[in-house]
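Q: My questions will all concern the structure given below.
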Amino acid sequence: MPPKKKTHEVTLALEAGNAAMVDLGKMLGPTGANMRAVKLEYDEATSKCKTHSSWCLLNLVISAYQAGPDAVLQNAKSKKLPNPDYVDSVRSLMSSCFCDKY
């Protein structure tokens, strides 16, 4: 079977763990994508990272970048980020980055 060919590339900004079908319809409707499948996959993938202080992969990577992997590993049992203020700042900047407008 030949490899799949990419036909569309879309950047979406959706609520973590709860993508709105209306928003998906507006953004993906013209592509013919299976919006229900996209919603289920997106919601599952992002449901653990709903807040800036959640113990999830994105927050752990941001935290380890600033505090180091040892600091994150030491907090694994309590599941508390060693630098929640830093993670919050980075996540906030990520949601309002002017670089995404180009």
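None of the figures in this text is laboratory data; all of them are computed from the coordinates on show. Here the structure is a predicted model, which means the values were calculated and not measured. Here the Cβ is made from the backbone with ideal geometry for all residues, glycine too, and neighbour counts use every protein chain on show.
Q: As a quick test, which of the pairs K5/K39; K4/K48; K48/K77; K26/K48 have an alpha carbon distance above 19 angstrom in this structure?
A: K5/K39; K4/K48; K26/K48
Q: Assign unit charges at the C-beta atoms only (+1 for Lys and Arg, -1 for Asp and Glu), then state the dipole size of segment 57-101 relative to its Cα centre in Debye, rounded to the nearest 20.
A: Numbers: 5 positive and 4 negative charges, 33 e Å.
Once rounded to the nearest 20, the dipole reads 160 debye.
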